[in-house]
Structures are given as C-alpha cells and as structure tokens.
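The values are calculated or read from the model by the stated rules, or taken from the named source; none is laboratory data. The structure displayed is predicted, hence computed values, not measured ones. Neighbour counts are summed over all protein chains in view; Cβ atoms, including those assigned to glycine, are modelled from backbone coordinates with ideal geometry. All accessible areas refer to the heavy atoms of the entire protein, side chains included, with ligands and DNA or RNA removed. Shrake-Rupley method; radii C 1.70, N 1.55, O 1.52, S 1.80 Å.
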Amino acid sequence: MRAFPVKMPCGSRYWTVLDERWEPVPVADRFLRELRFGRDRAESTTEAYARSVALFLRWCGQTGRDWTTAAGELGLFITWLTFAEGGEQPLRVVAGTGASPVRSTRRINRVLVAVRGFMSFAVVDGAAPGWVLGALYELASRRDLPIEAQNEDGSLGLRMRSRHRLSEPETNVDRASDAEIVALFMACRSARDRLIVLLLACAGLRRGAVAGLRREDMHFAPDNGVLGCDVAGAHVHVVRRENANGAWAKSRRPYAVPADFMVVQAYDQYVIERHEHGAGAASDFVLVNLFRAPIGGPMTPDAIGDLIERLAVRAGLARRITPHMLRHGFGSNLADAGASLDEIQMLLGHAHAGSAAPYLHPDTARLRAAVERVGTPRAIAQQVAR
Ligand SMILES: [Zn+2]
C-alpha cells in the first residue's frame with residue numbers, strides 16, 4: 001500500500017492509494033477524489049490523507065485484518081503507529097522500556113482523523129458496515145463544548161465525539177520576535193527576498209499564499225478604482241487558485257490585506273530587479289526564480305520555507321525560523337497594537353474569530369499593563385493593609 005499522485009486530464013492533481021499490484025484501491029480512490037473535487041480540499045491535503053489511509057490498510061494487511069471492520073480495534077492500530085518503524089516491518093514486541101515512539105502523538109492524531117474520514121465515507125459508500133461508526137465515535141453531551149457551540153436554549157444536546165484521540169503537548173509554533181524579523185530582513189541579499197520577508201511578517205501571508213501571488217493581486221495605487229477594485233489604499237489580494245507550482249491559498253474566501261509603505265517600496269524595488277535579471281517577463285507570478293533553475297519559473301512554497309531558514313542561518317539566529325512563525329509575529333503585533341479579534345481574524349483571512357487565537361502571543365509587558373490597569377480593588381487592598 002502506498003500513496004501516489006494522480007494528474008487528471010484537466011491538469012488538477014490529487015493523491016490516491018495503490019495496492020501491491022500498483023492498482024488504485026477503489027474505495028480509497030473514491031474517498032480521495034471526493035475530498036479533492038467534491039469538498040475542494042488542497043492537493044497537499046489529499047496527499048496527507050492518502051498516506052494515512054495507506055498506513056491503515058498496510059496495518060490491516062500485515063495483521064490479517066479485514067479493513068472494513070478493523071476500525072473496531074483502533075487502539076491496536078495506535079500502538080502499531082507508535083512503535084512500527086515506517087510501518088514497513090511487522091511490529092516486534094520489545095520488553096522493558098527500550099522502545100521509543102517512532103511517530104509523535106500529533107502525527108498519530110492526524111492519521112486517525114484521516115482514517116475516521118475514510119471509514120465514514122466507506123460506510124456511506126456501502127463498502128463497510130454501519131456499526132463501524134459506533135466504534136469510531138461515541139455520543140457526548142454538547143455541554144463539553146465551548147459556550148458558543150452549545151444549544152442556545154441551554155437544553156441538553158448530543159454530538160458525535162471521536163473515541164480515539166491522543167492528548168498532544170500544547171502547540172508550540174512560536175512567533176518570530178521583532179528582533180528576529182529585522183535580522184532576517186537585514187540578511188537578505190536581493191529585493192525579492194526582502195519583499196518575501198515583508199509579505200510574511202508585515203502582511204501575515206502564509207508561504208503558499210506568497211508563492212501563489214499574481215501580478216494582478218498587487219493593488220498598490222492609491223486609487224484602485226481603475227482596476228475594478230473598491231478597496232481603498234495599497235493592498236494585496238489573497239486568492240485561491242490552481243497553481244502549477246503547488247502554491248495554494250488556504251483560505252477559501254478571497255481576502256485583501258492592507259500593505260504598508262515598506263511592502264510597496266520593496267515591491268517597486270523587486271520589479272526593477274526582476275526586469276534587470278530579464279527573468280520571467282512572460283510569467284504572471286509575482287515571485288519567480290532569479291538565481292536558480294528554472295530561471296523565471298514561479299517559486300514554490302518549499303522554496304519560500306528554504307529561503308527563510310537560510311536567512312536565519314546567515315543572520316546567526318539561534319533557532320530555526322519558519323514562514324509560519326513570521327505570520328504568528330504579524331498576528332501578535334496586531335494584538336499588541338490594540339487590534340480587536342475580529343480585525344485580526346479579517347487580516348489573517350480566517351473564517352472564524354476563534355482560529356486567530358493561536359496566533360496571539362501577548363507581549364508580557366502588555367499582560368502586566370492589563371493587570372495594572374485593573375489595579376487591586378480597594379476593599380482587598382484595605383484588608384491586606386490591616
Ligand atoms: Zn484590490
């Protein structure tokens with residue numbers, strides 16, 4: 001069992017699962033096509049799901065289980081995922097404390113999400129019996145949910161809750177500090193690289209959105225009415241498209257981020273640099289390869305990540321920096337500057353305000369100031385003074 005990319009005649013791609021004879025597994029293939037084309041998920045999502053479903057089917061094959069009913073024993077699958085190296089070798093039981101996990105709890109939870117999706121699809125598809133859903137999900141009270149998600153009338157409601165989920169350590173994507181962002185910027189050796197750092201750190205774009213930018217998305221005139229756009233001031237549009245370089249804006253809805261003068265200036269300098277290199281005159285992509293083959297070809301999301309890592313090394317920073325840490329820096333700086341959660345949500349292109357919360361890493365001085373603004377209530381202060 002292995003995950004495998006498929007290119008459709010229209011040019012769209014998705015990932016499927018092939019068996020030992022290199023033939024697609026029919027139910028898995030239908031599920032992954034449904035994800036990609038029915039639910040409009042990214043190619044990279046189908047890749048992650050295909051790899052997870054392939055692991056599940058490989059476990060079933062190795063342990064002689066029927067995949068349509070094996071979901072009843074997901075606990076054993078979790079043990080296998082935790083200790084079976086690459087899933088290639090049959091699991092050997094190791095006595096004592098010698099065995100260390102080969103997959104993180106976060107990775108295993110992602111595999112389980114894909115397996116639940118796959119098995120739910122298989123049940124609806126008629127390929128697996130309905131009771132499998134009961135092995136995957138239990139009914140739970142809605143009172144476990146955040147208050148916003150509970151019934152408005154306060155009545156008892158039920159929901160499906162997945163039975164198998166490992167507890168993960170808290171998410172540890174940190175923000176890049178302002179000092180780190182400045183150091184990255186100073187380590188740039190081209191106008192293009194400076195523009196990339198600013199788009200990540202001062203417009204908060206994801207690396208996929210940066211790589212997917214087209215020239216028509218850059219509205220940097222004071223009045224963009226002639227372009228048929230009613231957003232005032234300089235801004236960048238983030239639009240989801242099918243791109244040859246694999247770039248993909250995660251937000252389903254297009255959104256616009258205001259660009260400050262640093263971004264506008266960096267873009268102007270980059271346009272000159274790109275012209276001087278004679279690179280990609282015909283390309284509609286904003287960010288193209290200037291220094292490595294194929295010259296003029298669109299930069300990939302991975303190339304954006306590699307660039308930020310190289311800049312961090314060149315700048316002598318003590319830790320690895322990812323594009324996502326710059327986006328976290330953007331979100332946190334907005335909050336520290338007093339932006340409200342709904343403003344931050346719009347600027348990060350999130351559909352829900354709650355999605356913005358993990359991006360906020362409040363400055364400790366701001367937390368102290370908040371406590372001091374409240375002050376110790378007088379009654380308590382008087383008690384303590386006695
Ligand atoms: Zn516009």
(request) Report the local net charge at V231: Lys and Arg +1, Asp and Glu -1, summed over other residues whose C-beta lies under 13 Å from its C-beta. (result) -3
(request) Arrange the residues M186, M119 by how much accessible surface each exposes, largest first, with a 1.4 angstrom probe. (result) M186, M119
(message) In region 51-76, whose amide N lies under 19 Å from the spot 7 Å out along Cα-to-Cβ of T105? List them in ranges.
(response) 74-76
(request) For region 178-365, with all protein chains present and a 1.4 Å probe, just round the carbon and sulfur fraction of the accessible area to a whole percent. (result) 58
(message) Need the C-alpha centroid separation for region 195-253 versus region 344-386, integer Å.
(response) 32
(request) At 7 Å along the Cα-to-beta-carbon direction for both S355 and M8, put a label point, then send me their distance in nm to one decimal. (result) 2.2
(message) Using a Förster radius of 22 Å, what is the FRET efficiency between F291 and S44 based on their Cβ-Cβ separation? Nearest 0.05, please.
(response) 0.30
(request) Divide by every residue of the chain the summed helix terms, -39500 (n - 2.57) for each DSSP H run of at least 4, and state the resulting mean residue ellipticity at 222 nm, rounded to the nearest 500 deg cm²/dmol. (result) -13000 deg cm²/dmol
(request) Obtain the nm distance between the two label points defined at V374 and H275 by a simple spin-label model: each point lies 7 Å from its Cα along the Cα-to-C-beta direction. (result) 5.7
(message) Rounded to the nearest 20 debye, what is the charge dipole size of the chain about its Cα centre when +1 sits on each Lys and Arg Cβ and -1 on each Asp and Glu Cβ?
(response) 760
(request) Write down the accessible area per residue of region 178-365 in Å², having rolled a 1.4 Å probe over the full set of protein chains. (result) 47
(request) With r as the distance between the Cβ atoms of L367 and M346 and R0 = 30 Å, compute the FRET efficiency 1/(1 + (r/R0)^6) and round to 0.05. (result) 0.80
(request) Subtract the Cα-Cα distance of D260 and M160 from 0.36 nm times their separation in residues, and report this length gain in nm to one decimal. (result) 31.5 nm
(request) At 0.36 nm per residue, minus the direct Cα-Cα distance, what do D174 and E20 gain on full extension? Give it in nm, one decimal, please. (result) 51.3 nm
(request) Return the long-range amide H neighbours of Y137 (sequence gap of 5 or more, or a different chain), with a cut-off of under 5 Å between placed amide H atoms. (result) R163
(request) Rank these residues by their accessible area, most exposed first, probe 1.4 Å: S167, S162. (result) S167, S162
(request) Taking all protein chains together and a probe of 1.4 Å, list F261, F185 from the most accessible to the least accessible. (result) F261, F185
(request) Just name one of A48, A191, T105: the one whose Cα is farthest towards the positive end of the charge dipole of the chain (beta-carbon charges, Lys/Arg +1, Asp/Glu -1). (result) T105
(request) Count the net charge of all other residues whose Cβ sits under 11 Å from the Cβ of R192, scoring Lys and Arg as +1 and Asp and Glu as -1. (result) +1
(request) Lys and Arg at +1, Asp and Glu at -1: add these up for the other residues within a Cβ distance under 13 Å of H350 and post the number. (result) +3
(request) Set the Förster distance to 25 Å, then compute FRET efficiency between D306 and V182 from the Cβ-Cβ distance, nearest 0.05. (result) 0.75
(request) Sort all Cα-Cα distances of region 178-365 into consecutive 10 angstrom bins from zero, then give the percent of pairs in each bin up to the one containing the longest distance. (result) 9, 36, 39, 14, 2
(request) Could you tell me which of rounded, prolate or oblate describes the chain, using a ≥ b ≥ c as the square roots of the eigenvalues of the alpha-carbon gyration tensor, with rounded for a/c under 1.5 and, failing that, prolate when a/b is larger than b/c and oblate otherwise? (result) oblate
